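Accompanying notes for the structure given below.
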């Protein structure tokens, strides 16, 4: 099969969907999202809006991970992130609310 498609100038990538050792990059991404969701949600049941907001925040966290420093200056803390490739500028995070002194009842969410 590979020789037949290569003669036509087509690159062939074999990635069977059920093979556990293929697709490592996207599986690592799914594992990261699941780990963040499980850590935050636990056994709670969320509404659609709450779940959507949480997914947006997890996406922001994962897209803000530093991949490489932007400069060799040790005082410069800016880094190249996956989000930079999406927007071509540094991502700004959402302002976090202080829930430390607030009693949140799950029935009143």
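Which residue out of 35, 28 is modelled with pLDDT of 90 or more, under 14 Å from the mean Cα position of the chain (by Cα), closer than 22 Å to residue 82 by Cβ and part of a helix (DSSP H, G or I)?
Criteria check complete, one pass: 35.
Of the residues 59, 8, 3, which is surrounded by 10 or more Cβ atoms within 10 Å (Cβ to Cβ) and out of contact with any helix residue (DSSP H, G or I) (no Cβ under 6 Å at 6 or more places or on another chain)?
Of the residues listed, the single one that is surrounded by 10 or more Cβ atoms within 10 Å (Cβ to Cβ) and out of contact with any helix residue (DSSP H, G or I) (no Cβ under 6 Å at 6 or more places or on another chain) is 59.
Is at least one residue of the stretch 54-71 more than 25 Å from residue 85 (Cα to Cα) and either in a helix (DSSP H, G or I) or more than 19 Å from the chain's Cα centre (by Cα) (or both)?
Scanning the stretch 54-71, I find no residue that is more than 25 Å from residue 85 (Cα to Cα) and either in a helix (DSSP H, G or I) or more than 19 Å from the chain's Cα centre (by Cα) (or both), so the answer is no.
Residue check, residue 22 against (1) surrounded by 10 or more Cβ atoms within 10 Å (Cβ to Cβ); (2) modelled with pLDDT of 80 or more; (3) in a loop (DSSP other than H, G, I, E, B), all met but one. Which one?
(2)
The values are calculated or read from the model by the stated rules, or taken from the named source; none is laboratory data. All of these numbers come straight from a predicted model, not from anything done at the bench. Neighbour counts are summed over all protein chains in view; Cβ atoms, including those assigned to glycine, are modelled from backbone coordinates with ideal geometry.
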